Amino acid sequence: MNESAPKDILRLYLQNARDALLWKLDGLSEYDIRRPLTPTGTNLLGLVKHVASVELGYLGDTFGRPSGEALPWVAEGAEANADMWATAEESREQIVGLYRRAWAHADATLDALELDTVGRVPWWPAGRDDVTLLHAVVRVTGDTHRHTGHADILRELIDGAVGMNQGNTSIPPGDAAYWAGHRERLERAALEAGKKHGG
């Protein structure tokens with residue numbers, strides 16, 4: 001890889017986010033990868049399903065390169081948020097496989113087209129639907145990193161696992177007692193600030 005080449009840099013950051021997101025599923029049960037952990041239902045496997053759909057749309061259909069993948073959860077008339085959770089019939093292997101195929105399709109688009117190639121986003125308003133490949137890749141990369149951050153928090157809530165990947169927790173070392181003390185210190189500071197600053 002030539003890290004001075006713009007496409008290589010873009011691909012590096014997108015792939016880092018893809019890998020980190022899938023790593024968040026490792027070692028978890030079917031229940032844990034699907035369980036909603038926020039009031040709006042955010043869950044790990046749903047995040048993977050969503051970003052797979054995003055890649056196929058922005059880095060496929062937008063540039064006249066349909067993948068042929070059936071995505072009924074984003075079709076016209078689909079239930080709201082259907083792309084953000086997996087049904088009991090949709091297996092982990094099915095969703096992860098879809099995501100990996102989305103990577104390959106998106107990467108093929110990046111290889112085939114110049115970064116200044118203009119596409120049309122089918123779900124954007126007419127007249128404001130033009131986008132360059134560069135814009136689309138940056139948008140998808142940003143979205144994937146955002147959802148990987150969501151997944152990091154969900155995974156920590158499930159079993160305490162944190163980090164960017166298996167070899168990089170990206171936090172200082174500490175045992176359970178250290179983190180309990182740290183959290184308590186932050187809670188005290190928050191309460192104190194609330195009293196001091198009126199809220």
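The values are calculated or read from the model by the stated rules, or taken from the named source; none is laboratory data. In this text the structure is predicted, and so the values were computed from the model without any measurement. Reconstructed Cβ throughout: ideal geometry from the backbone, glycine too, with neighbour counts over all protein chains shown. These accessible areas exclude ligands, DNA and RNA; they are computed on the full protein's heavy atoms, side chains included. Shrake-Rupley method; radii C 1.70, N 1.55, O 1.52, S 1.80 Å.
Miscellaneous remarks
- Taking 7 Å steps out from each Cα toward its Cβ at Arg65 and Trp124 produces label points 1.7 nm apart.
- Sequence of Tyr13, Tyr31, Tyr178 when ordered by accessible area, the most exposed leading, probe 1.4 angstrom: Tyr31, Tyr13, Tyr178
- For the chain, modelled as a GNM whose springs connect Cα atoms under 10 angstrom apart, the maximal fluctuation among Asn168, Asn81, Asn16 occurs at Asn168.
- Förster radius 22 Å - calculated FRET efficiency between Ala5 and Met164 (Cβ-Cβ, nearest 0.05): 0.40
- Computed about its Cα centre, the charge dipole of segment 1-171 is approximately 160 debye, with only Lys, Arg, Asp and Glu carrying charge at their Cβ.
- Cα long-axis angle, helix 176-197 against the chain (0 to 90 degrees, to the nearest 10): 90
- Calculated FRET efficiency for the pair Arg100/His182, C-beta based, R₀ 41 Å, to 0.05: 0.65
- Proximal charge balance of Asp129 [Cβ under 14 Å; K/R count +1, D/E count -1]: +1
- The alpha-carbon of Lys24 sits under 28 angstrom from the alpha-carbons of these lysines, leaving out residues fewer than 8 places away in its chain: Lys7, Lys49.
- For segment 80-173, the list of GluC sites (Glu not before Pro) that fall in a loop by DSSP and count at most 13 other C-beta atoms within 10 angstrom reads Glu89, Glu114.
- Cβ-derived FRET efficiency at R0 35 Å, Lys196 paired with Glu93, nearest 0.05: 0.10
- Normalised per residue, the volume of the convex hull around the Cα set of segment 1-95 (Å³): 133
- Segment 121-199 - charge dipole about Cα centre, Lys and Arg +1 at Cβ, Asp and Glu -1, debye rounded to 20: 300
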